[in-house]
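Notes for the one structure printed next.
The values are calculated or read from the model by the stated rules, or taken from the named source; none is laboratory data. Since the structure is predicted, the reported quantities are computational estimates derived from the model, not experimental observations. Here the Cβ is made from the backbone with ideal geometry for all residues, glycine too, and neighbour counts use every protein chain on show. Note: areas computed on protein heavy atoms with side chains; ligands, DNA, RNA excluded. Shrake-Rupley method; radii C 1.70, N 1.55, O 1.52, S 1.80 Å.
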Amino acid sequence: MPSAPDSGTAARYLPANPATLSLSTVRKRSKACEACPLYKLGTQTVFGEGPVQARIVMIGEQPGDQEDRQGHPFVGPAGKLLDRALAEAGIDRADVYVTNTVKHFKWTPAGKRRLHKKPSAREIAACRPWLDAELAIIKPQVVVALGATAAQALMGKTFRVTLERGRLYRDLPWAPVFFATVHPSSILRGSPEEREQAIAALVADLKIIRRI
Ligand code: URA
């Protein structure tokens, strides 16, 4: 079945041109992914969700605790914040395809809690073919990176969200427009007052997306 060489990445599960597959076939194949050791840590692969005709694709880092349990992206606290910011910006989440750079939850135990752990470069590279397949099939008008992991995976290690947020990058291989903003989880780490300011800034960024 695999036509791509086994490169130590998820490419082994996909043909050379993943756009020849349907999104549901790719999603189904992702469920069996063992391209990196994170499949042993996470409960399940959390693949992207949203309409295949979506004009906007938003990319986070990796599923969190709730996403891992429920099997859906951005359904925990960060997802609730993203929903609020999208609504305030006038974007319907149902029109957006939401996914992650890495499709398994990486965590470390802290008592009874499972604490998020940043994915490594090797894990990001292993998972990349799934993201490339999603983008090749959906062909969005705009790709929005939520936070540094997604932004750097697409634009390179030197990309700084703090410096480049809100700027429109044109004519990328995977979309006519690329845009980076902060990750909703980073907003949740602030004080209540910082939080409201940061949400307002995120909404302002998302309004730029709505306008284009
Ligand atoms: N953070 C992410 O980057 N993605 C999710 O799905 C949830 C939290």
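A compact table of results
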{"item": "Long-range amide H partners of V75 with built H, under 5 Å", "result": "E67"}
{"item": "Cα-centre dipole for the range 141-207 with unit charges at Cβ (Lys and Arg positive, Asp and Glu negative), debye to 20", "result": "180 debye"}
{"item": "Most mobile of G42, G76, G90 in a GNM of the chain (Cα contacts under 10 Å)", "result": "G90"}
{"item": "Phi to ³J(HN,Hα) by Karplus 6.51 cos²θ - 1.76 cosθ + 1.60 over the range 189-196, Hz, x for Gly, Pro", "result": "7, x, 5, x, 5, 4, 4, 5"}
{"item": "For the chain, built as a Gaussian network whose Cα springs stay under 10 Å, the top-fluctuating residue of A200, A110, A19", "result": "A110"}
{"item": "Spatial separation of Cα centroids for the range 171-212 and the range 69-118, in angstrom", "result": "14 Å"}
{"item": "With all protein chains modelled, accessible area of E196 [1.4 Å, Å²]", "result": "90 Å²"}
{"item": "Binned Cα-Cα distance frequencies in the range 79-141 - 5 Å width, integer %", "result": "3, 14, 16, 16, 19, 18, 9, 3, 1"}
{"item": "Fully extended contour minus Cα-Cα distance, from K31 to A204, at 0.36 nm per residue", "result": "58.7 nm"}
{"item": "Two-decimal Rg/Rh across the chain, once Rg and the Kirkwood Rh are taken from alpha-carbon atoms", "result": "0.95"}
{"item": "³J(HN,Hα) computed for each position of the range 23-40 - Karplus, 6.51 cos²θ - 1.76 cosθ + 1.60, integer Hz, glycine/proline x", "result": "4, 5, 5, 5, 4, 4, 5, 5, 5, 9, 5, 10, 6, 9, x, 5, 5, 7"}
{"item": "Computed lengthening from S24 to S191, 0.36 nm per intervening residue step minus Cα-Cα distance", "result": "56.1 nm"}
{"item": "Efficiency of FRET from Cβ geometry, T158 and Q53, R₀ 35 Å, rounded to 0.05", "result": "0.55"}
{"item": "GNM top mover of G50, G71, G190 - the chain, alpha-carbon springs below 10 Å", "result": "G190"}
{"item": "Charge-dipole axis of the range 1-123 as Lys and Arg at +1 and Asp and Glu at -1 on Cβ define it, positive-most pick from G60, H116, V102", "result": "H116"}
{"item": "At 0.692 mPa s and 37 °C, Stokes diffusion of the range 138-212 via Kirkwood alpha-carbon radius, µm² per second", "result": "256 µm²/s"}
{"item": "Calculated FRET efficiency for the pair Q141/Q66, C-beta based, R₀ 25 Å, to 0.05", "result": "0.30"}
{"item": "Charge dipole of the chain about the Cα centre (unit charges at C-beta), most positive-ward option of T43, V182, Y169", "result": "T43"}
